[in-house]
Structure formats: structure tokens, C-alpha cells
Amino acid sequence: MVYIFLDYYDYPLFFFLKLSQFLCTFYMGKNIAKVTTTFQFCDGGSCQKAKGEMAIREARAYLRNQGLWDDTHTIKTRCNGRCEDAPTWIVQPGNFWYKNVTPEKAVSIVKSHMDQNKPAEEYLLYKEGWSILLTENEKTAALPLFKYKTEITIGELLIARAFASDQHLYPLFQYFFQESTSIGIQTGEQNIKIIDQPHKVDYSDKYDIKITGEQLQLTLAIGGITKDVSSTVTERKVSVAEVIWLKKKAIFTKALRLKNKKGKHLVTFWIKEDDENTWEHILKVYLSMPSNQIRIENENEISIQEFI
Ligand code: FES
């Protein structure tokens, strides 16, 4: 038998080590080196609405009761981008996508992967090697298109209602301000101010994006807001984004105009007529509309040549 005599000062350390040991027994993280199969359960909004949680519970309960917990990893993901097929799951390895997963299907899928090492083919949405998705629910998203309009202040124009989410605006702001693109800014009723130096684009806040530098200090809310946010955040929240293409010839003929939910103008970013790169970027990346495939409502009646 070995006796260890602790000094009076060693007792706190001794108890700390014992406590850590005790906690580790209960809170040790998953040993992912043992994991053979990962189930990625979507719990985004559409999948929650489609009662995806019920299927997740059944799958997890089955894995635990069958002693498969340590061999598998289950993760709840945000939206997988296939809301039309909600609830969706992805199983790795193999990149197997499942659609419309019900509690009944859940256990068959898990069994198939864990007992037979193969997917539950009848419930698949996609697997590697397929060139199409097996779905009856495909929705074609309405892509932005230009409409002809006349506005009192700026005259004849083509206008496209564009994407106002942070997923679209943050990269676009990076493009505008982190390179040395020369861009015109118009807030409220003020004149256009030229920004021709790179600026910092900071989107580390929950809602706000901050563009800061020598020539501009601008804060806009672009993140999804909840009802309990203050009215000042709601006031600067971008809800409407419009891409504008003026007919008249001027230094600035193209723009991105942002408004809040009430239609109040927040800011317009003006693109110089000769800045073809930025315009091309807006069309191609932001509007998914390459310059040789411009979409215009009633295009037989409107000549694009008048705007070029
Ligand atoms: S919320 Fe599940 S795929 Fe979109």
C-alpha cells in the first residue's frame, strides 16, 4: 500500500483534480474517433413546421436503446436548403439526402444504415451519382426581373426588386467597400457623396452591419430581427432592395436602393456609368442575371438598347 501525504497547501489542488475527474465522467465530449455514421437532422423553420422534431426523437431513442449511440453522431442543422422536401436529413458518409422524414421512416432509415450499411432507397431525395433530385415538390423561385417605370425624381428607369437578406447584402457590401471601387452614396435627401477609398465592413453584430472609414460611417440592420428589438433597429432594418437602371445618360446611371419596411429610404449606392465591373457583378452575382441574359417584364415592348 502506498500512502501519499499531502501538504496542507496541496489539498485545494487535490480536490480540484478529483472534481475534474468526477465532472469528466459525466460531461466528456463525444469520442468522434469511434463514430462511423453521422445523421444531420434539419431543424430549420420549414422542417420544424413539418414536425421534423418527432422524427429526430424517434431516431435518437432508437440509437440509444440499440447501443449505437457511441458509433453514431446526431447533429441538428439549420436549413439544408430543401425546405420543399421538409423534414430533411443528410446521412454521412455517402451524402445521402432524405426527404419528408416522418417518425415511422426515421427508424427504418437509421436501421438501414446501421444494420445493413446501405441507405433506405425508397425515402431518398438524392445520393451521390444521381443527376437529379427525386422530388415531387420542386418549386421554381421567382428570380428578379426588371420592370419599366417612371419616377418623378429620376425619370424613366428599369427597376428590379432584389434580395434584401444579409446573405446577399453582406457579400455585396464587401465588394463595394473592401476593394477600391468608387461608389456614390446617397442617404436621405442628401447629394451623392463619392467613396473611393476602401472601408471596413463589419458584420459581427447580431443585426447591424457597420461600414466605417475616413469617408463614411454607416450602420444598417441587415440581420433577421425579432419583434422585441428596439424601434431604432427596426427603423434602420433593410427590408426592400431595388436595383435601378436609369435611362438618362449621367455619371451615375445604376444603383442599389435600400428601404425599410415602411418604405422609408435608407441609402442608395450609385454605380458610375463607366464602372462596368461593379455593374456586371451586381447583375451576375447579386441578381443571377448575366448581362447577356437580362430579364425584363414585357420585354417585347421595352428596348434594352435605350438603356445601354
Ligand atoms: S428548413 Fe429544413 S430544409 Fe429548409
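What follows is calculated from the coordinates using simple rules that are stated; it is not laboratory data. What you see is a predicted model, and the numbers here were worked out from it, not measured in a lab. In this analysis, Cβ positions are derived from the backbone assuming ideal geometry, glycine residues included, and neighbour counts consider all displayed protein chains.
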Counting only DSSP loop positions in region 83-166, the GluC sites (Glu not before Pro) whose Cβ has at most 16 other Cβ atoms within 10 Å are GLU128, GLU136, GLU138
Asserting the computed 222 nm helical MRE of the chain (DSSP H runs at least 4 long, -39500 (n - 2.57) per run, divided by residue count, to nearest 500) equals -7000 deg cm²/dmol
Per region 231-308, sqrt(5λ) over the Cα gyration tensor eigenvalues, sorted largest first, in Å, gives 26, 14, 13
log10 I(q)/I(0) for region 147-306, Debye formula on C-alpha points only (no solvent), q = 0.21 Å⁻¹, two decimals, reads -1.56
Mean 1/r over distinct Cα pairs of region 34-126, inverted to a Kirkwood Rh in Å, yields 12.7 Å
Quick P(r) readout (the chain; Cα-Cα; 20 Å bins; whole %) gives 24, 37, 30, 8, 1
